[in-house]
Amino acid sequence: DGASSFVREHAGIAAAEKDYGQTAVVANFSCEQAHSNTAFQWFQGGPVLALLPLPGRQTSMIWSLPHGEAERICALQPERLCRELEAASRHVLGALSLITPARSYALRHLSARRMVGPRVALAGDAAHVIHPLAGQGLNLGLQDARLLAQTLLERELVRDPGDLRVLRRYERGRAEPILAMDAMVDGLFRLFGSGSSAVSRLRNAGLNLTDRLPVLKNILMRHAMN
Ligand SMILES: Cc1cc2nc3c(=O)[nH]c(=O)nc-3n(C[C@H](O)[C@H](O)[C@H](O)COP(=O)(O)OP(=O)(O)OC[C@H]3O[C@@H](n4cnc5c(N)ncnc54)[C@H](O)[C@@H]3O)c2cc1C
């Protein structure tokens with residue numbers, strides 16, 4: 001039931017929350033040039049702009065910005081928003097026109113202390129919320145659902161599906177992959193948010209190297225797609 005989970009709260013499961021200091025502005029646009037099913041992302045020294053392909057000549061903007069700047073972008077007239085986005089995205093998709101009003105989401109990190117309790121299992125954002133920069137939040141939730149279903153299917157016949165011993169197997173199975181993804185996304189957020197020129201040189205060298213090593217690139221892609 002999502003990040004503000006009623007179930008989590010009423011099961012008495014505590015969660016650690018942290019404000020990312022950013023709000024994501026989301027809107028859909030039609031674009032002049034074909035996106036060829038390519039997702040574009042620009043790291044702007046803190047803010048992150050993504051243009052994700054939608055069917056046809058349409059694209060979805062996710063622009064994570066400091067709260068005040070997000071408020072300004074969200075309040076822009078459609079024409080003005082399109083021009084700012086075209087400039088920020090270096091005109092990769094040509095002229096843009098707004099097709100859905102801009103909406104904003106304050107970004108926070110959340111980590112539930114437990115994923116299970118007696119007759120309760122949390123999955124998805126109810127258990128963990130990460131920054132959208134890697135586009136992995138939904139995937140993590142789907143992986144939770146898969147392991148939970150598998151754990152329940154494989155339980156001993158004598159055990160009730162709500163048995164805490166059964167549910168703990170699910171929690172144990174998810175702990176490491178969630179921690180790894182959380183650390184990776186947090187690391188990227190810090191790496192791309194750093195204003196230090198040494199960090200930025202190191203980061204660009206790392207990205208260029210990864211781009212030139214198809215084997216490493218494929219491993220990373222397969223890991224992200226699970
Ligand atoms: C700006 C932004 C961009 C993102 N981009 C990506 C991306 O590119 N790729 C990606 O993988 N992830 C992305 N994410 C993350 C992704 O949206 C979430 O991880 C995912 O939606 C979580 O799914 P969920 O089902 O756990 O929770 P939710 O999507 O929040 O769904 C929970 C549902 O439960 C309902 N609900 C709540 N309480 C109750 C109740 N008491 N009774 C009945 N129903 C209830 C809510 O109405 C809601 O429909 C993004 C997130 C944000 C904020």
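The values are calculated or read from the model by the stated rules, or taken from the named source; none is laboratory data. Every value quoted in this text rests on a predicted model; they were computed, and no experiment measured them. Virtual Cβ from ideal backbone geometry, glycine too; neighbours counted across all protein chains shown. Just the protein is used for accessible areas: all its heavy atoms, side chains included, with ligands, DNA and RNA removed. Shrake-Rupley method; radii C 1.70, N 1.55, O 1.52, S 1.80 Å.
Summary of values
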| quantity | calculated |
| --- | --- |
| Computed magnitude of the charge dipole of the range 114-176 (debye, nearest 20; Cβ of K, R +1, Cβ of D, E -1) | 160 |
| Global size of the range 90-198 as Cα Rg and Dmax, reported in angstrom | 18.8, 62 |
| Dipole of the chain, positive direction: furthest Cα of HIS35, LEU65, VAL116, with charges on the beta-carbon | VAL116 |
| Hz values of 3J(HN,Hα) by residue in the range 127-136 - Karplus curve (6.51, -1.76, 1.60), Gly and Pro given as x | 9, 7, 10, 10, 5, x, 4, 9, x, 10 |
| Distance (nanometres) between label positions extended 7 Å along Cα→Cβ at ALA198 and SER111 | 2.7 |
| With every protein chain in place, the chain: carbon and sulfur % of accessible area (1.4 Å) | 58 |
| From phi via Karplus (6.51, -1.76, 1.60), per-residue ³J(HN,Hα) for the range 61-72 in Hz, x at Gly/Pro | 8, 10, 10, 8, 9, x, 3, x, 5, 5, 4, 5 |
| Between 0 and 90°, nearest 10: helix 214-225 axis offset from the chain longest Cα axis | 60 |
| Spatial extent of the chain: Rg and Dmax, with the Cα atoms as the point set, Å | 20.1, 64 |
| Under 5 Å, built H, 5+ apart or other chain: amide partners of ALA15 | ARG113 |
| Label-to-label distance, nm, for residues given as GLU17 and MET221 (7 Å Cα→Cβ offset) | 3.8 |
| Pairwise centroid distance, computed over Cα atoms, of the range 131-176 with the range 4-46, Å | 23 |
| Extension reserve of the ASP1-LEU188 stretch, reckoned as 0.36 nm per residue once the Cα distance is removed | 64.6 nm |
| Whole-Hz couplings from phi, Karplus 6.51/-1.76/1.60, listed for the range 150-163; x for Gly and Pro | 5, 4, 5, 5, 8, 5, 5, 4, 6, 8, 6, x, x, 4 |
| The range 1-193, relative contact order in percent, only Cα pairs under 8 angstrom and at least six apart counted | 25 |
| Distance between modelled label sites at ALA175 and LEU213, nm, 7 Å Cα→Cβ extension | 3.0 |
| Acute angle (nearest 10 degrees) that the helix 197-212 long axis makes with the longest principal axis of the chain, alpha-carbon atoms | 80 |
| Per residue solvent-accessible surface (Å²) - the chain, probe of 1.4 Å | 58 |
| Estimated FRET transfer efficiency (ILE99, LEU157; beta-carbon r; R0 35 Å; 0.05) | 0.10 |
